[in-house]
Amino acid sequence: MKNRHLTLICAAVAVLAAPLPALADVAGNIAVTTKYKYRGQDQSDPAESVLPAVQGGFDYSLGGFYVGNWNSSVGFLGGTEMDFYGGYRGEFGPVAYDVGLLHYYYPGATSAADTTEIYGSVGYGPVSLKYSSTVSSKYFGIVDGQGTGYLEVNAKWEATKGLYLIGHYGTTQFSSDAKAGGAVNYSDFKVGVDYDLGGGFTLGGAYAGANKKSTYGDINKSRFLLTVTKAL
């Protein structure tokens, strides 16, 4: 099963690596992490604090417009998450902005968990603020999830050459209908460091988790994460 998941991820990366017009910029990456967490929640067996995931993707950009794909092995549904997105980013004076659409797809599984969001962000210096809103009828399988919002603040500051301090805080606010069905709002965090090893390699260490563990169980447990990324 793991080999099939890795094959799907590598195939997606290979397709996206196809030649593009000379004016387009292409950026890619591949990574291995000790545990995949998203919005503070484990994306694999919560009984295991270490369960490596293989991840990778590409971005194509032309002017301010971009499209991309990112993939990861997961521990549920078909075993693979594939994200497809597109949007426009730019700057207005010292303020950076980004708007777009993101679709989460789980091949080999029912479409119940597939989710689509629109998002917008603004950034100033090392800090950015982003809001994502669910436009699909379900939020990762939660019925009546349309209108669920995720607000996050992110910071990345270069403390010294090649060493970056990372901070993140986010909050998931479910739609009123989803909350009526039992969904519970929660918040998540992440603090860590990234170190540029040279040659396109980055080593990252972080501590991440979420609150409301009494409701969600160990899926929201805080964990230490180690990630090695190679830029392509």
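Taking the Cβ of Val99 as the centre, find all other residues whose Cβ is under 14 Å away and add up their charges (Lys, Arg: +1; Asp, Glu: -1). It would help to have the intermediate numbers written out before the result.
Details: positive: Arg89, Lys130; negative: Glu91, Asp98, Glu117.
The answer is -1.
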Let me confirm the definition first: pairs of Lys residues in the chain, 8 or more apart or on different chains, C-alpha distance under 14 Å. How many are there? 9
Considering only Pro46, Pro126, Pro107, give the residue with the highest GNM mean-square fluctuation for the chain, with springs between Cα atoms whenever their separation is below 10 Å. Pro126
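May I ask for the net charge around Asp59, where only other residues with Cβ less than 13 Å from the Cβ of Asp59 are counted and Lys, Arg are +1 while Asp, Glu are -1? Working shown, then result.
Values: positive: Arg89; negative: Asp25, Asp83, Asp98.
Spelling it out: positives minus negatives among the neighbours equals -2.
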Net charge of neighbours whose Cβ lies under 11 Å from the Cβ of Phe140, counting Lys and Arg as +1 and Asp and Glu as -1: -1
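Could you calculate the FRET efficiency of Phe189 with Ser137 from 1/(1 + (r/R0)^6), where r is the beta carbon distance between them and R0 is 35 Å, rounded to 0.05? Working shown, then result.
Values: r = 29 Å, r/R0 = 0.83.
Taking R0 as 35 Å, the efficiency between Phe189 and Ser137 is 0.75.
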Once you place label points 7 Å from the Cα toward the Cβ at Thr215 and Leu62, how far apart are they in nm? 4.4 nm
Do you know the relative contact order of the chain, to the nearest whole percent, from alpha carbon pairs under 8 angstrom that are 6+ apart? 16 percent
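If I take R0 = 30 Å and measure r between the Cβ atoms of Ala27 and Ala47 in this structure, what FRET efficiency does the formula 1/(1 + (r/R0)^6) give, to the nearest 0.05? Don't skip to the answer; put the middle values down first.
Working: r = 36 Å, r/R0 = 1.19.
Approximately 0.25, to the nearest 0.05.
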Rounded to the nearest 0.05, what FRET efficiency do Thr34 and Leu101 give with R0 = 25 Å and r taken as the Cβ-Cβ distance? Could you check? 0.25
Using a Debye calculation, one point per C-alpha and no hydration shell, please list log10 I(q)/I(0) for segment 163-207 at q = 0.13, 0.19, 0.28, 0.34 Å⁻¹ in order. -0.49, -0.66, -0.93, -1.08
Taking only the alpha carbons of the chain, what extent do you get along each of the three principal axes, in Å, biggest first? 50, 44, 35
Suppose the chain between Leu165 and Lys179 were pulled fully straight at 0.36 nm per residue; how much longer would it get relative to their current alpha carbon spacing? 1.5 nm
Once you have the Cα-Cα distance between Asp196 and Phe76, take 0.36 nm times their residue separation minus that, and quote the gain in nm to one decimal. 40.0 nm
Take the Cα of Leu226, step 7 Å along the line toward its Cβ, and report every residue of segment 45-60 whose backbone nitrogen sits under 15 Å from that point. 49-53
Accessible-area composition of the chain, carbon plus sulfur, in percent [1.4 Å probe]: 64 percent
With the convex hull built on the Cα atoms of segment 130-232, state its orientation-averaged projected area in nm². 7.8 nm²
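Which value in Å is the Kirkwood Rh of segment 17-115 over different Cα pairs? Before the final figure, lay out the partial values.
Working: mean 1/r = 0.0654 Å⁻¹.
Kirkwood hydrodynamic radius for segment 17-115: 15.3 Å.
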Quick one: Karplus J couplings for segment 115-132, per residue in order, coefficients 6.51, -1.76, 1.60, θ = phi - 60°, nearest Hz, x for Gly and Pro? 9, 10, 10, 9, 9, x, 9, 10, x, 9, x, x, 10, 9, 10, 9, 10, 10
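The values are calculated or read from the model by the stated rules, or taken from the named source; none is laboratory data. Because the structure is predicted, anything quoted here is derived from the model rather than measured. Note that each Cβ is placed from the backbone with ideal geometry, even for glycine, and that neighbours are counted across all protein chains shown. Surface areas here come from the heavy atoms of the whole protein model, side chains and all, with no ligands, DNA or RNA. Shrake-Rupley method; radii C 1.70, N 1.55, O 1.52, S 1.80 Å.
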